[in-house]
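A quick write-up on the structure given underneath.
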Ligand SMILES: Nc1nc2c(c(=O)[nH]1)N[C@H]1C(S)=C(S)[C@@H](COP(=O)(O)OP(=O)(O)OC[C@H]3O[C@@H](n4cnc5c(=O)[nH]c(N)nc54)[C@H](O)[C@@H]3O)O[C@H]1N2
Ligand SMILES: Nc1nc2c(c(=O)[nH]1)N[C@H]1C(S)=C(S)[C@@H](COP(=O)(O)OP(=O)(O)OC[C@H]3O[C@@H](n4cnc5c(=O)[nH]c(N)nc54)[C@H](O)[C@@H]3O)O[C@H]1N2
Ligand code: SF4
Ligand SMILES: [Mo]
């Protein structure tokens, strides 16, 4: 029996873990008390990962679809040759641009998959390059690109030195943070209050985070009004830090011009937040000795996510809180993605074929997928290689995505399970998972509050015949005759960037510096600094003048679009939001017994007042209808959800052969959300998943049958 250091790769928190290995099996995982960031914290998902590795429903041999529709196990040679010859056939008949790729969320600590997927898309020259960022953060990449000149320059709150922290549309106590890797976030936020500061959580639901701090309820989808209202107060009351604005930005007059058009009464009626509260938040933010803001999925998945992000980002900027201790700060990556993505960072250099979505950093939004499959013509999408993703559940209009997946000439899925997505595949290629392969927190290192390097080797042999995602993709490309333009393996590329970076060994110049080999030899985390450095803006912004650009015309266009929206849709009087649960990870951990204990199920959360109006009862069944679709769910009546709001836990309604997940029941929630180009975030094509107008109707006093 031996113990090894590693870190959990399930979410961006990358908690330090100690794995006990016995007879080539991971028998136990426990939090690493000495990890610089997580300091002994971890959540049930990470601890339960031993069950994922050994899951009897896990696909551990390649599968090929038979004529009768069933899957049969095959050797790697058979499965790869079949995939490659089918891929060749599609390319020969329809051209390389008819092939698409999808890269999903679990790729964040996967060293090889993102590089190989990107290289495949580039080699094919395809515009059908989809990632889960388009149901998550493409609006943020876009805003980063427009403001700072680089998609990867994401500012996050420096809470440990902050005395006013505004959390909008995020539930970090459950999610453990996103675009912000900070460790013991609950304790860190509590410390702010203990120091005499304030933490305010703006959320339509009284979440696990909101309960612990000051809670301000907001109408879903209307954060953009809160932010613009706060900016209005700051400018009107002379609370802005004009010297910081002059030193750090250009185009602030354009921001002032837009904000001058904001009517505080309207900001109040749209957001549902009383004017005095907006004023208080604005004044407190501006007057705090150090203030910071964290906005995430509540805002990110709204209909105006790019504009909302622009305004939320403007708050620390105009109050002198950007790039200073306790404000919003930039990460200190040990592998510079800002450099690696300098070429990819961009916007609107082309548009998608059918819907005309502008590209974001070289990618199409998954909202474009169904129309690209279904619309004939040059460049029609015919084949998809899906890696670490389940868009049939997680994408907008998931019902249309499911249909479209079935219409492809070829679907190759790299996935450990037969899911709603991979069940449509012609070939399923099973990947190794955390602890069976090399891993590094490549994405999270961009947003670490305490910069920490870690790179871990495999601790056990792969289960069955599973292989590394990168190996599978490289082999698939080679056999299909697709030439990938990669100077080295993904591991070597990242190692090279590490060694050339600020903490690297400079290829021998700084012998005590970091290398992949050195880090992997122990798996130990290496703390690089106590906190991120500040005062870095000038050297990091990629605009020629080194200034933050506040005046891109797209923001004014979006503002005009916002002013034209309806306050209320009488046909759909409620607003739907998603609920993320501690023991789920988007759509993919519902097959783990340990996590599913306690009769967990999908349900629609309804405020008692709305329950009376709709005549729905706790434990009964209700129909939730939007302009896009209709689902039936069990009702939970709760005062945690605000009036006028309904909440549903997302990522349920499974199909495929993960038996526990399928037995858990539920519906395809995302059949309710729009995918039409004009109806989601227009500049980025980012999905609109929070704040969907819906209606509620009672079906029965009994719960729906599974
Ligand atoms: N346990 C667990 N952890 C996870 C995940 C998971 O599925 N489960 N997923 C991971 C991923 S991929 C991500 S991106 C992160 C997300 O991390 P977070 O964004 O912190 O997590 P969410 O729970 O999506 O938080 C969004 C919050 O916004 C609220 N909300 C909804 N609509 C609105 C609105 O219009 N305005 C405002 N102000 N609030 C609104 C919701 O009630 C919710 O509390 O979590 C990661 N961590
Ligand atoms: N309604 C609603 N929809 C949402 C959200 C929401 O809040 N509400 N959240 C959105 C967000 S923030 C995100 S990030 C997306 C996530 O969207 P996706 O990334 O499409 O979905 P996941 O559920 O993360 O599915 C991951 C898939 O990868 C597989 N997998 C896990 N590890 C590996 C691996 O190492 N290799 C390979 N090849 N496969 C692996 C899993 O089995 C699973 O099938 O969902 C979005 N959808
Ligand atoms: S919080 Fe995220 S990284 Fe930490 S143990 Fe849970 S799933 Fe793993
Ligand atoms: Mo996400």
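Rounded to the nearest 0.05, what FRET efficiency do residue 276 and residue 630 have when you use their Cβ-Cβ distance and R0 = 56 Å? Can you show the working numbers first?
Numbers: r = 40 Å, r/R0 = 0.71.
Between residue 276 and residue 630 the formula returns 0.90.
For the listed peptides 422-430, 285-293, 63-71, a ranking on the average number of other beta carbons within 10 Å per residue, highest first, reads 422-430, 285-293, 63-71. Normalised by residue number, the volume inside the convex hull of the Cα atoms of the chain is 147 Å³ per residue. Judged by the gyration tensor of its Cα atoms, with axes a ≥ b ≥ c, the stretch 300-402 is prolate; a/c meets the 1.5 cut and a/b is the larger of a/b and b/c.
Given Cα positions, please report Rg to Rh for the stretch 345-476, the hydrodynamic radius being the Kirkwood one. Here Rg/Rh amounts to 1.03.
Here the residues 386, 11, 152, ranked from fewest to most Cβ neighbours within 10 Å of their Cβ, fall in the order 11, 152, 386. Taking other C-beta atoms within 10 angstrom as a stand-in for reagent exposure, 589, 116 fall in the order 589, 116, fewest first. Normalised by 2.2 N^0.38 Å, with N the number of residues, the alpha-carbon radius of gyration of the stretch 113-269 equals 1.25.
Distance between the C-alpha centres of the stretch 567-632 and the stretch 253-288: 31 Å, rounded to the whole angstrom. The listed peptides 21-27, 401-407, ordered by packing as a protection proxy, come out as 401-407, 21-27 (highest mean of other Cβ atoms within 10 Å first). A simple spin-label model places pseudo-atoms 7 Å from Cα toward Cβ; at residue 254 and residue 89 they are separated by 5.1 nm. Taking the Cα of residue 702, stepping 7 Å toward and past its beta carbon, and measuring to each backbone N in the stretch 619-640: which are under 13 Å? Label zone hits: 620-621.
Each part gets one Cα centre, and for the stretch 122-160 versus the stretch 537-555 those centres are 16 Å apart. Summary value for the stretch 501-618: 7 percent relative contact order, contacts being C-alpha pairs under 8 angstrom separated by 6+ residues.
Would you work out if the stretch 242-284 is rounded, prolate or oblate? Take a ≥ b ≥ c from the square roots of the eigenvalues of the alpha-carbon gyration tensor; rounded if a/c is under 1.5, else prolate when a/b is larger than b/c, oblate otherwise. Cα axes put the stretch 242-284 in the oblate bin. The packing ranking of peptides 122-134, 599-611, highest mean first, is 122-134, 599-611, where packing means the average number of other beta carbon atoms within 10 angstrom of each residue.
Read the figures in this text as sums done on the coordinates, not as results from a lab. Since the model is a prediction, treat every value here as computed from it, not as a measurement. Neighbour counts run over all protein chains shown; Cβ positions are idealised from the backbone, glycine included.
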